[in-house]
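The structure under discussion appears below in the form of C-alpha cells.
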Amino acid sequence: MMSNDQRLVHMAGQILRNFAAQGREEAIAATAEHLTLFWAPRMKARAIAMLEEPGAELPEEVRAAFAALRHPA
C-alpha cells in the first residue's frame with residue numbers, strides 16, 4: 001500500500017507523463033500549472049515540504065514540478 005507521499009509522487013508522475021510529448025521543460029511547467037490549479041492546498045504544501053526532506057525519493061522531473069509550486073506563475 002502506498003503512503004500519502006508516495007501517492008502524491010505517483011500522481012505527479014502520471015500528470016508529467018501526460019504532458020511528455022511537449023518536451024521535458026514544457027511537461028514540468030504544465031505539470032506545475034496543473035498542480036497549482038487542481039491540487040488542494042494541503043497537497044501542494046506537502047509536495048513543497050517533501051523537497052526539504054533528505055529521504056524523500058523524488059524523480060528529477062517531479063522534484064522540478066514540486067519546486068515550481070513555491071513560486072507559481
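Values quoted throughout were computed directly from the atomic coordinates according to the rules given, and no laboratory measurement underlies them. Because the structure is a prediction, the values reported are computed rather than measured. Every residue, glycine as well, gets a Cβ built from its backbone with ideal geometry; the counts of neighbours run over all protein chains shown.
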Hits in the stretch 1-34 (condition: surrounded by 13 or more Cβ atoms within 10 Å (Cβ to Cβ), farther than 18 Å from Arg70 by Cβ and either in contact with a His (Cβ under 6 Å, 6 or more places away or on another chain) or in contact (Cβ under 8 Å) with a residue 12 or more places away in the chain (or both))
Gly13, Phe19, Arg24, Ala27
What are the residues in the stretch 3-26 that are of a type in the set (Gly, Ala, Ser), within 18 Å of Ala45 (Cβ to Cβ) and assigned to a helix (DSSP H, G or I), if any?
Ala12
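Please work out if Ala68 is small (Gly, Ala, Ser), surrounded by 12 or more Cβ atoms within 10 Å (Cβ to Cβ) and in contact with a helix residue (DSSP H, G or I) (Cβ under 7 Å, 6 or more places away or on another chain).
Yes.
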Out of the residues in the stretch 35-73 that are assigned to a helix (DSSP H, G or I) and without any contact (Cβ under 8 Å) to a residue 12 or more places away in the chain, which is nearest to His10 (Cα to Cα)?
Glu60
